[in-house]
Each structure stands twice: as structure tokens, then as C-alpha cells.
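Heads up, the thing below is written out as C-alpha cells.
The values are calculated or read from the model by the stated rules, or taken from the named source; none is laboratory data. Since the model is a prediction, treat every value here as computed from it, not as a measurement. For neighbour counting, all protein chains shown are included, and Cβ atoms are generated from backbone atoms with ideal geometry for every residue, glycine included. When the accessible area is computed, the model is the full protein with side chains, heavy atoms only, and any ligands, DNA or RNA have been set aside. Shrake-Rupley method; radii C 1.70, N 1.55, O 1.52, S 1.80 Å.
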Amino acid sequence: MENLDPKRSTAPDGTVYRVPDAAVIAAEFAEIARRAEGRRVVVVQGLGFVGSAVAAVVAAARDERGEPRYFVIGVDLPTPGGFWKIAKLNEGRVPFASPDAEFDRLVREAVCDTGNLRATACEEAYALADTIVIDVQLDVIDRAVQDHLEIDISMRSLEAAARAVARRMRPDALVLVETTVPFGTCERILLPALREERTRRGITEPLLLAHAYERVMPGPNYVNSIRRFWRTFAGLDAGSSERARAFLESFIDTAAWPLRELGDMASSELAKLLENSYRAANIAFIHEWTLLAEQAGIDLWSVVDSIRVRKGTHDNLRYPGFGVGGYCLTKDSLLAQWSLNHLGDSAHQLAVTLEALKINHTMPLHTLDLLRELAGGSLRGLKVLVCGVSYLADVGDTRHSPTEIFADALLEAGAQLVVHDPCVATWPERPSVALTADLRAAMEKAEAIVFATPHAEYRAQQPGAFPAQRCIVDANNVLTDATAAALHAGGARLLGVGKGHWRRRGYQGVGAPPPRGATRGGGAPAP
């Protein structure tokens, strides 16, 4: 059952922290303020997947003497959903499970060795900052809308976050917005709010404001997606741009990954939305061809591999898959459409872009169809093990995972569901779904297995690890052709997303012999 105690904050790994009261927060912050004296201070507002990584990378920046360039303070809310991130960082631990050992090292070093990274829930931190980086979330109320006029985005939390900054910030501090926002947000929503709060305080100095969208990629290159990757930015004016450039250059390897400055903040905001919408449309496009390839008996994975050799034009062609998840690709197109209708006063519709989102939202239901076919038409009472809750391989990120859609559909069809994920201890979005840590035992009990996320643990499974006579759907290219052949020879029935050649070889049937040349542990079977 979901935790409803407002004083308990539960991390994804199951660790429970007690949310402190205001007096405790203030006392702890007094020590942070003392340690920040005489230092250049950067405050990161929001310690989610982006903010916590940005805080660690900025804390790792060094000056000409090899000393930490900044004292970094991470700020989040003293709530059940926010405090555990503060607690984890202050223990010298990365808040989220990550395969990037460098992320762990940077946090441990900054907290435990150099002592130049601390986290707090105290808003007084903004008063200490030379630079304030806004990394709070901005979400869409319903990501599955059918009509573009139904898109609902509440700007209240983002505006409130900006006002909290303005109530405390120094007049000469730079506010750098990294949050993905509808284009026009910085100038038309955040700028008036910031100026209003500063005016109430009697501040007359020009506001320094810039937007620099992040390209953070949780995974093995988590850290390098921040400090060794291209960044785009734009400032409110020349002074803002100059300060933003200097700050970004202080922790990004811009000699190898040069900055790109655009003419205004709206252009920078739009660039992030276009970037992610392009990727989402690419995924929707390949899903259409996935269905074609399966019907034609073709291995689309190998086809895409053969096309991606064309570097510069086709090497970003997507692969087939289970579905689209994560915080960005499932919403950013909606932010763009909302901008047109609410900030741009335009009736124009991004028809292709929004249709791609609809296709991506229903992608997991194709895997459901494949499972239903293997099960003989009905899923009622079927014991199904879904392998993978996170939307990304070897990362514990369950936000808007396509497994949500799949699990909901399975339960609605009357199936009995158990979920396993080596990177996830709890599933906040579906707390009522059983999450097991014992993969082998779960496989033994299951009548059907669905590979939703290509975690390394799943890829390492040998044919002998699977019980015989199971329905298996590989939705993310977890199983090799050799493993599939061996499993089918042992009595399993298999289908795979984009693996039309498995259908052609008869793997969906019961008791069919393996293809000529196939062995239980050997090389790939003959076509």
C-alpha cells in the first residue's frame, strides 16, 4: 500500500527517511551557510534525475589551482516525494540507481572528501548563491489526450519555484533555467514573476536570466552527458548571456563540445521540444514498420542494423521496441502544442507530432497482442512475469514507463501479474503490483514471460535458466536467435517485437522442431 504518512519519505531502494520539521531544517542549514562563507556558491533547485547529476558535476569543477570551483547546495522540498533525495545526497550517495560509477564517485567525493556539496530543504539557500539553476519538474496533467485542445499544463508549481528563488536571491545572481518548458515560458511567465518578487524587495538592478536546456541521459554515460556534451543556451540580454556562457564553460568541456548560443530564450526552449519530438516521431515511424516486418516474417532488427551504417543520414534510425517511457519523450511534444495555443495565440496543430505520441502510447498493447496469441486468445488467469519496470536498460527510472500501460492492460484482461526489475526495489507508480526480487523463482511459477526492458541481467540468462513449456514474448531484443531456437526446441513458444523471422520459423507453435542447423547452445539457426 502507498505510504500516506507526510513525515515519511521513501527512496526507490526502499530506504525510509523521517521528514524533519522546520526547526531541524533551519539548524542544519546554519551549518551549510557557515561552510559556504567566502565561496562561490551554486544552488541547484530540484534534485531529480537532472538536478542531482548537475549538482554533482558542478561540484566536481576545479579552478586553476585544482581546488573546487564552487560550493554547491542542492535544494528540494521537505515532503515525502522530495526529502529522500536530500537525505541520500547528504549521505554521499547518488539518489537514483545508476550504472555510471563516475556519478557515484563524484557524489561521494564532493560530500565526503572535499565537502563542497550539501543538500537542504531550506529556501534561505538562494540568498547565498552566485548562480541558481532551476531543475524542477513541469508536467502535463494527462499525457494521453486525444485532442490538442485538451492539453493541460499547470504552470503554478514552476512559477512558485521561481518566486521562491526571487524572494531570497541576491540582486546580482544569475538564474539559469534548465527545466524543459513550453517555448515562451521564460519571457512570458517566469520573467514577470521574478521581477515582481524582486520589486517587492526594492531590487532595481537588471535581472540576469538565461535558459540552457539539458541533455542528461541516465545510463552508463550519465555524467558525461552533462560535462562532455553539446549545450544550447540563450540569455534575456547580453549580460545574462555572458554570465550564462561563463558558468557553463566552467564545468563543461567546451573545447571539445562547444556551446551553441541562440538569439533568444524562446528559441532555446523550442529547441529542446523539437529535439525530443523528432526522436518520438522516429520511434512511432519504426513501430509502423515493426508491424509490417512481423507480418512479412522479417527480422527488422537486422534490417535496421544494415541501414544504420549510413552515418550522418540514417544512423539514428530507431529499433523496434516495447514502448516509449521516461519523463521527456512522452510529454515534450505536448508542451510545444500548448505553447502554440496558450502562449503563441495560434490555432496551428502539430498533427504529425501529436499522432506520433498517440502511436507511442499504444505501443505496449502490441506486446499484449503477441502474448494473447501465444496464450491461445485469452489471458484470464494466466500467470505472467514481466521482466522490466524501468523504461531504460540498467537504470532504475520508472517514470512513465511503458510497463505501466502493459501491466494495466494485463490486469484488466484478468491475468495474474508479477514484475521483476534488478534496478528497482519499489514501483511508486503502481504500488499494488507485486514486485519480486527472485527472478529464478518467479520464472518457475510463471506460465508466460515478457521481456520489457533489456537489462544486462536478462541478456545474460542462458536457455537452461528458463523452465520448459512457457510462452515468451521478447519485446526488446533480449534473446538472441540461438537462445530462442534452444528455448523452442525445449517446448517454449516465442514471439518477439520486430522479430518476424521467429514467426516464419514457427516458434509460436507448440512442439515444432528447431530450424535446421539450430542447437541448444550453439550458433544462430539457419534461416
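Note on exposure: ASP63, ASP438 ranked by accessible area (1.4 Å probe, complete protein assembly) read ASP438, ASP63, with the most exposed listed first.
Projecting the Cα positions of PRO320, ALA53, ALA256 onto the charge dipole of the chain (unit charges on Cβ atoms of Lys, Arg, Asp and Glu, taken about the Cα centre) puts PRO320 furthest along the positive direction. Considering only PHE247, LEU158, VAL303, the residue lying farthest towards the positive end of the dipole of the chain is VAL303, judged by Cα position with unit charges set on Cβ.
Can you flag which of LYS331/LYS499; LYS88/LYS272; LYS7/LYS383; LYS85/LYS331; LYS358/LYS445; LYS358/LYS499 are past 32 Å Cα-Cα? Kindly include the intermediate steps, with their values, before the conclusion.
Working: LYS331/LYS499 29 Å; LYS88/LYS272 29 Å; LYS7/LYS383 37 Å; LYS85/LYS331 24 Å; LYS358/LYS445 35 Å; LYS358/LYS499 23 Å.
LYS7/LYS383; LYS358/LYS445, as the Cα separations exceed 32 Å there.
Placing +1 on the Cβ of every Lys and Arg and -1 on the Cβ of every Asp and Glu, with nothing else charged, gives the chain a dipole about its Cα centre of roughly 960 debye. Full extension of the chain segment joining ASP113 with LEU292 gains 58.9 nm, where the gain is 0.36 nm per residue of separation less the Cα-Cα distance. A 1.4 Å probe, protein heavy atoms only, puts the accessible area of CYS112 near 80 Å². From largest to smallest, the equivalent ellipsoid semi-axes obtained for segment 259-311 from the alpha-carbon gyration tensor read 34, 14, 5 Å.
Among the protein heavy atoms, those of LYS358 account for about 60 Å² of accessible surface (1.4 Å probe, every chain in place). Over all distinct Cα-Cα pairs of segment 386-459, the Kirkwood formula returns a hydrodynamic radius of 12.2 Å.
Ordering ILE405, LEU208, PHE183 by the projection of their Cα atoms onto the charge dipole of the chain, which places +1 on the Cβ of Lys and Arg and -1 on the Cβ of Asp and Glu, puts ILE405 at the extreme positive end. Estimated from the Cβ-Cβ distance and a Förster radius of 41 angstrom, the FRET efficiency linking ARG40 and GLU412 is about 0.15. Computed over protein heavy atoms with a 1.4 Å probe, the accessible surface of segment 188-277 works out to 45 Å² per residue. As an exercise, take the mean of 1/r over every pair of distinct alpha carbons in segment 412-511, invert it, and state the Kirkwood radius in angstroms. In segment 412-511 this quantity evaluates to 14.3 Å. With the simple model of a label 7 Å out from the Cα in the direction of the Cβ, ALA30 to ARG8 spans 3.1 nm. Remark: segment 455-465, residue by residue, has Karplus-estimated 3J(HN,Hα) of 4, 4, 4, 6, 5, 7, 5, 8, x, x, 6 Hz, where x stands for each Gly or Pro and the curve is 6.51 cos²θ - 1.76 cosθ + 1.60 at θ = phi - 60°.
Rounded to 0.05, the FRET efficiency of the ASP142 and THR204 pair, given R0 = 45 Å and the Cβ-Cβ distance, is 0.60. Stretched out straight at 0.36 nm per residue, the stretch from ALA101 to ARG195 would grow longer than its current Cα-Cα span by 29.7 nm.
Net charge around LYS445, counting only other residues with Cβ within less than 12 Å of its Cβ (Lys, Arg = +1; Asp, Glu = -1)?
0
Net charge dipole, segment 32-185: roughly 660 debye, given to the nearest 20, about the Cα centre with Cβ charges of +1 for Lys and Arg and -1 for Asp and Glu. Relative contact order for the chain: 12 percent, from Cα pairs under 8 Å spaced at least 6 residues apart, divided by residue count.
Please give the net charge around ASP147, taking every other residue with its beta carbon less than 13 angstrom from that of ASP147, where Lys and Arg add +1 and Asp and Glu add -1. Here the count lands on -3.
Computed as a quarter of the hull surface, the mean projected area of the alpha carbon convex hull for segment 232-370 stands at 11.3 nm². For VAL309, the accessible area of its heavy atoms, probed at 1.4 Å with every protein chain present, is near 100 square angstrom. How large is log10 I(q)/I(0) at q = 0.10, 0.15, 0.17, 0.19 Å⁻¹ when the Debye formula is applied to the Cα atoms of segment 136-294, each weighted equally and without solvent? With no solvent term, the Cα-only Debye profile gives -0.45, -0.91, -1.10, -1.27. Each label point was placed 7 Å from the Cα along the Cα-to-Cβ direction; for GLU275 and ASN221 their separation is 1.3 nm.
Here each label is just a point 7 Å from Cα along the line to Cβ, and for SER157 and ALA23 those points are 3.1 nm apart. Rounded to the nearest 20, the Cβ-based charge dipole of segment 236-351 about its Cα centre (Lys and Arg +1, Asp and Glu -1) stands at 200 debye. Under 20 Å from a label point set 7 Å out along the Cα-to-Cβ vector of ALA465, the amide N atoms of segment 378-397 belong to 384-397.
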